[in-house]
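So that we are looking at the same thing, I have put the structure below in structure tokens.
The values are calculated or read from the model by the stated rules, or taken from the named source; none is laboratory data. As the structure is a prediction and not an experimental result, all values here were calculated from the model. Reconstructed Cβ throughout: ideal geometry from the backbone, glycine too, with neighbour counts over all protein chains shown.
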Amino acid sequence: MGTEFLAKTKRAFKKSWDKSAELANTPDLFRKEVETTSTCFEAETLEGVNPDIGDEFCVRIEDGKLIGRDGLTPTIRLSNPTPATRAAIESAGGVATAKVINLDAISGVVEVSIS
């Protein structure tokens, strides 16, 4: 009985599923389409630095690299920032805030959120 029911309802289910997908992907008057980019990136900790989750650093562009500093001490280096991220930081005066959201103490890699 279970397979017969599935065979009978397959077409109706597929039809309703397609309508729902089409409705979800069709823009309407009251829904804004917002373009977003990722704000989370991997960063390498520099020698002798052991950040904790929640630590914040000031990120600046130095010699073409994004370096996070705690006061005057360099602490992290963003591994592979996107060109859009680099452009956004440049347009914000060359400074942004990086907050540690995840860390791997063994490898020395942290995940930071840029704002």
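Taking region 95-115 as the search range and keeping residues that are in a strand (DSSP E or B) and among the small types (G, A, S), which one is nearest to the chain's Cα centre (by Cα)?
Top of the filtered list is S113.
Which residues, counting only those in region 77-94, are part of a helix (DSSP H, G or I), hydrophobic (A, V, I, L, M, F, W, C) and surrounded by 13 or more Cβ atoms within 10 Å (Cβ to Cβ)?
If the condition is that a residue be part of a helix (DSSP H, G or I), hydrophobic (A, V, I, L, M, F, W, C) and surrounded by 13 or more Cβ atoms within 10 Å (Cβ to Cβ), then A88, I89 are the ones that fit.
Every residue in region 36-69 that is touching a residue at least 12 places away in the same chain (Cβ under 8 Å), surrounded by fewer than 11 Cβ atoms within 10 Å (Cβ to Cβ) and small (G, A, S), please.
S38, G54
May I pose another question? Does region 24-35 contain any residue that is of a type in the set (A, V, I, L, M, F, W, C), surrounded by fewer than 10 Cβ atoms within 10 Å (Cβ to Cβ), modelled with pLDDT of 65 or more and more than 28 Å from V109 (Cα to Cα)?
Yes: one or more hits.
Within the set of pairs 6+ apart or on separate chains, which have a first residue in region 102-114 that is on the phi > 0 side of the Ramachandran plot, a second that is in a strand (DSSP E or B), and C-beta atoms under 9 Å apart?
G108/E44; G108/T45
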